[in-house]
Amino acid sequence: MTAPDRYQILYEISRALHSNRLDLQLTLQTVISLTGQALGLQHGCLMTFHEDSSIANVYIIGTSDKTGLDEQLWNTLFKRGPVGYVYHSDRTVVIRNIQTDPRWSLMPREISFIPATGSAISVPLGQGTDIAGVMLLIHPTVDYFTRQRVELLEEIATVASLAIRNARDLHAIRVGNTRYRALFDEAVVPMLLTDTSGIIVDVNWKACDFLGYRRTDLLHIPIADINQEAAQKAQFADLKDDQEQFVRATIYNIDGRSIPSLVRVRRVQLEGRPVIEWVMQDMSAQTELEQLRRDMSAMVYHDLRGPLTNILGGIYKLGEVLQNHENPLVLKLLHIALRSTRQLQRLVDSLLDIQRMEEGKKMLNRQPLEVRVMVTDAVQLVQPLAVEAGQVLTFDVARDLPIAQLDSDMLMRVLVNLIENAIKYTPTEGSIHVNVRLDDSANQIIFKVSDSGPGIPQDMLGRIFEKFSRVKYQNAPKGVGLGLAFCRLAVEAHGGHIWVESELGKGSDFIFQVPLNEMSETDKNPASAEKPKDKDHNPPQAKAASA
């Protein structure tokens, strides 16, 4: 057989396989039939296998009809014959004489599919662990399969293996798509499919029911037309295959009713192209329960304020009455009660403020603030706690800080929380230092509270500012984990940022920065304003910058 003849055979087989349009069964039958025609063979078959190595199907030269052929024959060819040798060894097996070769001696003689004399060849279709099938070819002539014919068969096997692999992959995709379509149509949750540009290409019946639209009304429109908030939040165009995102959004149905929803956005392959899957979950019931919980919590926190104010006032009055009491223990107990009540009052205020800020309510009351004075007051407030704990509390405030428009009460509470937190975690004879400076380049004020405590584990650094999150180690102080959550929200409300730098055994630095909003000339000089300000209001004078 000349080289042009071999190339012509390979070309004809490749063209025929291409015309099958990747139909798996037609491709397999075409492979065995054209191979038989090319080599003048009338006897032969092609076996395919399941993943568990059992026989999946058998295709015979010239026909797809296996009527009258015993299934035991195929098992014999596979388990004790040349097909099995090839399948397990991944190499071509040539039997020069089927009458004398022991690998053929167990074959039945009375079946027309197998001639009584001749030679045989078995060729793998595939490579390694990815063997799609095995071709078995038989010719009545001994030594019919010469070296040239073996090389041609192996070249045909290479072409056929690629075609079978492509057909098998497409078949698996079609089966998967069919299953996906069934699940999509019958899903009990609202689902939409869009292309990667956000145009709706399909919806299921539950989505139509959920939104109140007909299917034809939703097809071929942008997802943003019905779910603009989710479309803006989800970076669906950048998703990779099977990557998903969860976004909270408010969806509006055909009647204009808002439906708080959780939307899962996922990219999948369907019918050979990428699509974006949108699964919508109605969160109305959960949202109502969450709002009820928040309202009840706010009511409880608010109702606590009145009794706490009364207790605080009573302690002040007792202090005045018992100021000259002969027993010094009385005043000491009153100081403890006063300090504990103030701490409880700050906790209740933090709970209320955290809830309001999480709901997006504006909490800031910006007024002219002399930062040096605020820092001094905060340190003086918590100084007794440090003395009682046997610690050294110092602070250093830059003298070039301008008067800024900030919320004095909120930043005061942030600073007090951070210092109290440092006192709580710093051992006896430890040190705490507060530093405040101006960053001219970024036009912001930077606050830093440093301690000589045990430090914070690296896995906690990213979660320490979350609600109810606390550093845990043996003999760690107790707490509810709200102080740092309040600090984060209060600093962020100012447009700032808070973080912690820490190393185990070397203490911690809590740092926050707030943008510097300096006072306008009108604020600095009330007389120049069109509407005069309160004449009695004068900024307090700066106190000492170190203690």
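The values are calculated or read from the model by the stated rules, or taken from the named source; none is laboratory data. Keep in mind that what you see is a predicted model, and the values were worked out from it rather than measured. Heads up, the Cβs are rebuilt from the backbone with ideal geometry, glycines too, and the neighbour counts pull from every protein chain shown. The protein model used for the area step is the full one, side chains on, heavy atoms only, and it has no ligands, DNA or RNA in it. Shrake-Rupley method; radii C 1.70, N 1.55, O 1.52, S 1.80 Å.
Would you confirm whether any residue within the range 451-469 is within 24 Å of Glu388 (Cβ to Cβ), modelled with pLDDT of 90 or more, surrounded by fewer than 21 Cβ atoms within 10 Å (Cβ to Cβ) and in contact with a Gly (Cβ under 9 Å, 6 or more places away or on another chain)?
yes
Could you go through the range 310-321 and let me know if any residue there is at pLDDT 85 or above, among the charged types (D, E, K, R) and either surrounded by 14 or more Cβ atoms within 10 Å (Cβ to Cβ) or closer than 28 Å to Leu385 by Cβ (or both).
No - not one qualifying residue is present in the range 310-321.
With respect to Asp396, is the statement that it is within 22 Å of Ala490 (Cα to Cα) and either open to solvent by 10 Å² or more (accessible area, probe 1.4 Å) or in a helix (DSSP H, G or I) (or both) true? Explain how you work it out, then say what you get.
Details: within 22 Å of Ala490 (Cα to Cα): no; either open to solvent by 10 Å² or more (accessible area, probe 1.4 Å) or in a helix (DSSP H, G or I) (or both): yes.
No: the conditions fail for Asp396.
In the range 322-347, how many residues are farther than 18 Å from Met412 by Cα, part of a helix (DSSP H, G or I) and either in contact (Cβ under 8 Å) with a residue 12 or more places away in the chain or open to solvent by 80 Å² or more (accessible area, probe 1.4 Å) (or both)?
9
Just to be sure before I move on: is Asp209 at pLDDT 85 or above, loosely packed, with under 13 Cβ neighbours inside 10 Å, more than 22 Å from the chain's Cα centre (by Cα) and not β-branched (Val, Ile, Thr) in the structure I sent? Before the answer, list the steps.
Working: at pLDDT 85 or above: yes; loosely packed, with under 13 Cβ neighbours inside 10 Å: yes; more than 22 Å from the chain's Cα centre (by Cα): yes; not β-branched (Val, Ile, Thr): yes.
Yes; evaluated as a whole, the condition is true for this residue.
Name the one entry in Leu125, Leu77, Leu73 that is surrounded by 15 or more Cβ atoms within 10 Å (Cβ to Cβ) and at pLDDT 85 or above.
Numbers: Leu77 fails: at pLDDT 85 or above; Leu73 fails: at pLDDT 85 or above.
Only one candidate passes the filter, namely Leu125.
For the range 105-122, does any single residue satisfy the condition of being modelled with pLDDT of 75 or more, within 19 Å of Val159 (Cα to Cα), touching a strand residue (DSSP E or B) at 6+ places or on another chain (Cβ under 7 Å) and surrounded by 14 or more Cβ atoms within 10 Å (Cβ to Cβ)?
yes
Scan the range 221-266 for residues that are surrounded by 15 or more Cβ atoms within 10 Å (Cβ to Cβ), in contact (Cβ under 8 Å) with a residue 24 or more places away in the chain and not hydroxyl-bearing (Ser, Thr, Tyr) and report the count.
Residues meeting the conditions: 14.
Does the range 227-272 hold any residues that are among the polar types (S, T, N, Q) and within 18 Å of Ser197 (Cβ to Cβ), and which are they?
The initial filter retains those residues of the range 227-272 that are among the polar types (S, T, N, Q), namely 227-228, 232, 235, 243, 245, 250, 253, 258, 261, 269.
Of everything in the range 227-272, those that are among the polar types (S, T, N, Q) and within 18 Å of Ser197 (Cβ to Cβ) turn out to be Asn227, Gln228, Gln232, Gln235, Gln243, Gln245, Gln269.
Restricting the search to the range 189-247, which residues are of a type in the set (A, V, I, L, M) and part of a helix (DSSP H, G or I)?
Kept after step one, since they are of a type in the set (A, V, I, L, M), are these residues of the range 189-247: 189, 191-193, 199-201, 203, 207, 211, 218-219, 221, 223-224, 226, 230-231, 234, 237, 239, 247.
Matches in the range 189-247: Ala207, Leu211, Leu218, Ala224, Ile226, Ala230, Ala231, Ala237.
Against the definition (open to solvent by 30 Å² or more (accessible area, probe 1.4 Å), on the phi < 0 side of the Ramachandran plot and at pLDDT below 80), how does Glu370 come out, yes or no?
Details: open to solvent by 30 Å² or more (accessible area, probe 1.4 Å): yes; on the phi < 0 side of the Ramachandran plot: yes; at pLDDT below 80: no.
No: the conditions fail for Glu370.
Return the residues of the range 267-284 that are under 22 Å from Arg214 (Cα atoms) and either among the hydroxyl-bearing types (Ser, Thr, Tyr) or open to solvent by less than 10 Å² (accessible area, probe 1.4 Å) (or both); say none if nothing qualifies.
So in the range 267-284, the residues under 22 Å from Arg214 (Cα atoms) come out as 275-282.
Result: Val275, Ile276, Glu277, Trp278, Met280.
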